[in-house]
Structure formats: structure tokens, C-alpha cells
Amino acid sequence: MKRIHLIEIHDQDWCPRTLRNGATDYLQFVVATTKPYAAMVPILAGALRRSGTRQVLDLCSGAAGPWLWLQPVLAERGVSVSVCLTDKYPNLEVFRESSGLTHQSISYHPSSVDAMRVPEELIGFRTMFSAFHHFRPEQARAVLADAAQKRHNIAVFEGTQRSVLALLQMLLVPLMVLLMTPFIRPFRWSRLLWTYPLPVLPLIALFDGLVSCLRTYSIEDLRDLTARLGGNEYRWEIGAAKAKAGLITITYLIGVPNENAA
């Protein structure tokens with residue numbers, strides 16, 4: 001299936017913040033509840049050990065991504081990390097709550113951060129969960145090139161697939177939004193309004209989910225994107241693994257300077 005780069009509604013500048021936050025809150029709840037990235041823990045832990053850093057810079061964090069459960073799981077494996085959340089449209093309310101729940105071991109950058117041009121003062125092992133497909137090929141290459149040129153480690157993980165099965169699974173998303181919304185925190189009356197009387201969020205989640213599948217980069221696409229990036233001083237590892245539930249395949253890309261690759 002050919003990659004198609006349509007827009008995702010919650011990605012757009014014109015999308016109201018209330019709807020954007022509602023969409024990312026739902027995605028965060030699904031990731032925290034189903035833990036599809038649990039299969040990536042050994043891979044990420046190994047990369048962090050090799051990097052020698054215990055500071056993570058999470059890009060395109062949305063509503064904090066998987067870090068509330070992932071950080072303690074890594075610590076159980078002997079890899080204790082501090083995490084700084086960033087986003088182009090930072091959800092400061094959720095970022096502050098995540099920081100408070102973890103006694104500031106998860107912090108955040110309050111200003112907008114462009115993953116293609118990360119400010120020099122923001123350092124650490126870069127991670128990106130469920131967000132790489134948002135970038136067009138030239139932009140995706142710029143995200144990776146920025147890390148390689150500055151000799152930072154980067155790990156990209158995607159839980160969507162460009163396949164007929166994945167598209168069919170997305171048809172269940174509106175029902176999932178309707179069932180899960182009462183349990184999503186922090187509680188917002190606006191979320192209830194846009195889910196039940198005015199079911200805009202279920203429709204956005206369905207549309208954006210279908211588009212996410214169509215935009216997802218395959219392993220072959222990732223190899224094309226990383227070809228010649230970083231020269232002989234940088235190494236790329238690309239692969240896929242089944243999530244524990246067995247219904248989702250996680251695609252991953254890890255880039256490291258050669259001195260951290262062994």
C-alpha cells in the first residue's frame with residue numbers, strides 16, 4: 001500500500017486547542033491503558049545503556065506519551081532516566097500534572113519545540129512515540145538529520161501500520177472514545193461536550209487514526225530516509241516487533257553516534 005500524506009485534524013494550526021487536547025488526551029489514555037510500547041522496553045533500555053546518558057528529551061509528546069508508566073519500568077531494569085517533555089503545541093496542563101506526579105523526574109519545556117530544529121539547550125537522548133508519521137518525507141529526514149548532525153541519540157517508535165487490517169481496526173476507534181472518555185484524566189467538561197452531545201472527538205479520532213495508518217513509514221521507507229544520513233559517524237538500527245497483545249506491530253528506528261553503537 002502506497003504511503004499517502006493526508007492531514008490529521010489535531011495537527012493543524014486552525015484546530016481549536018480544546019479539540020487538540022481532547023484528541024491527545026485520548027491517545028495518551030489508550031497508550032497508558034494498553035501499553036503497546038511495552039515490547040520496545042528491552043530495545044530502548046539497551047540503547048539508553050549504550051548511550052551513557054540518563055537524560056531523555058521526548059519530542060512531540062502530546063499528552064506525555066507513554067512516560068508515566070515507561071519511566072518506572074525502565075528503572076526496574078536498572079535504567080533510571082529523567083525525562084523532559086516537549087511539543088510543537090505543548091499541553092501545559094497535562095505536562096504540569098505529569099511533572100507533579102513524578103516529583104519532577106518528568107519535567108517539560110513550556111515553549112513550542114520544532115522536532116526538525118531542536119534548540120541547542122535541549123539535550124538528551126531523543127525519543128518520539130506515535131508521532132513520526134506526522135512529518136512529510138523531507139521533514140522526517142530533517143528530524144533525523146538534526147539529531148545526527150548534533151550527534152544526539154534518537155529513538156522513534158510507531159504503533160500504526162500501513163495495511164488493510166490496521167485500517168479496519170481503526171473503525172472501532174469511535175466506540176473506544178465513547179467508552180473511555182469518562183475515565184480520562186484530568187477531567188474536562190469540554191471533553192464530555194465534544195464526545196456525547198456533539199460527537200466531534202470520536203470523529204476526529206477516527207479520521208486521524210485512519211490517516212495515521214496511511215502516513216506511517218514502513219521499514220523500507222525508514223531505510224530510504226536514513227540512507228547517507230550521518231555518514232560513517234552515525235549508525236541506524238531499524239526493525240519491528242509484535243506488541244504483547246499480538247494485534248499491533250511496533251516499528252522502530254534508533255540512531256546513535258558510532259561510539260555508542262557497540
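The values are calculated or read from the model by the stated rules, or taken from the named source; none is laboratory data. Remember, predicted model here, so these are calculated numbers, not experimental data. Please note: Cβ atoms are built from the backbone with ideal geometry, for glycine as well, and neighbour counts cover all protein chains shown. Surface accessibility is based on the protein's heavy atoms, side chains included, excluding ligands, DNA and RNA. Shrake-Rupley method; radii C 1.70, N 1.55, O 1.52, S 1.80 Å.
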**OP:** Select from region 106-129 the residues that are part of a loop (DSSP other than H, G, I, E, B) and in contact with a helix residue (DSSP H, G or I) (Cβ under 7 Å, 6 or more places away or on another chain) and write down the one among them that is nearest to residue 44 (Cα to Cα).
**Re:** 115
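In region 174-226, what residues are polar (S, T, N, Q) and in contact with a helix residue (DSSP H, G or I) (Cβ under 7 Å, 6 or more places away or on another chain)? It would help to see each step written out before you state the result.
Step one: filter region 174-226 for residues polar (S, T, N, Q), giving 181, 190, 195, 212, 216, 218, 226.
Across region 174-226, the qualifying residues are 181, 190, 195, 212, 216, 226.
Restricting to region 121-141, and then to whatever is in contact (Cβ under 8 Å) with a residue 12 or more places away in the chain and surrounded by fewer than 17 Cβ atoms within 10 Å (Cβ to Cβ), can you tell me which residue is farthest from residue 236 (Cα to Cα)? Give the derivation first.
Looking only at region 121-141, we keep the residues that are in contact (Cβ under 8 Å) with a residue 12 or more places away in the chain, and these are 122-137, 139-141.
Those still in the list that are surrounded by fewer than 17 Cβ atoms within 10 Å (Cβ to Cβ) too: 122-123, 136-137, 139.
On the way: 122: 22, 123: 20, 136: 20, 137: 17, 139: 18 Å.
For region 121-141, the residue satisfying everything is 122.
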Subject >> Any helices (runs of 4 or more DSSP H) falling wholly within region 153-227 and containing at least 2 residues that are closer than 18 Å to residue 34 by Cα, touching a Pro at 6+ places or on another chain (Cβ under 6 Å) and open to solvent by less than 60 Å² (accessible area, probe 1.4 Å) >> reply: 173-180
Subject >> Unique match (being touching a Cys at 6+ places or on another chain (Cβ under 8 Å) and of a type outside the set (Lys, Arg)) among 57, 44 >> reply: 57
Original post:
In region 54-69, which residues are of a type in the set (A, V, I, L, M, F, W, C) and open to solvent by 10 Å² or more (accessible area, probe 1.4 Å)?
Top reply: 60, 68, 69
Original post:
Has region 79-87 got any residue that is within 30 Å of residue 3 (Cβ to Cβ) and either open to solvent by 10 Å² or more (accessible area, probe 1.4 Å) or modelled with pLDDT under 95 (or both)?
Top reply: yes
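Can you tell me which of 46, 65, 22, 100 is on the phi > 0 side of the Ramachandran plot and of a type in the set (Gly, Ala, Ser)? Break it down stepwise before answering.
Numbers: 46 fails: on the phi > 0 side of the Ramachandran plot; 22 fails: on the phi > 0 side of the Ramachandran plot; 100 fails: on the phi > 0 side of the Ramachandran plot.
Answer to the selection: 65.
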**OP:** Go through region 13-33 and give me each residue that's open to solvent by less than 40 Å² (accessible area, probe 1.4 Å) and not hydroxyl-bearing (Ser, Thr, Tyr).
**Re:** 15, 19, 20, 21, 22, 23, 25, 28, 30, 31, 32
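Return yes or no: is residue 73 open to solvent by 20 Å² or more (accessible area, probe 1.4 Å) and under 13 Å from the mean Cα position of the chain (by Cα)?
Here the answer is no, as residue 73 does not meet what is asked.
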Original post:
Which pairs have Cβ atoms under 7 Å, sit 6 or more apart or on different chains, and link a residue in region 81-99 that is among the acidic types (Asp, Glu) to one that is surrounded by fewer than 17 Cβ atoms within 10 Å (Cβ to Cβ) and assigned to a loop (DSSP other than H, G, I, E, B)?
Top reply: 93/186; 97/186
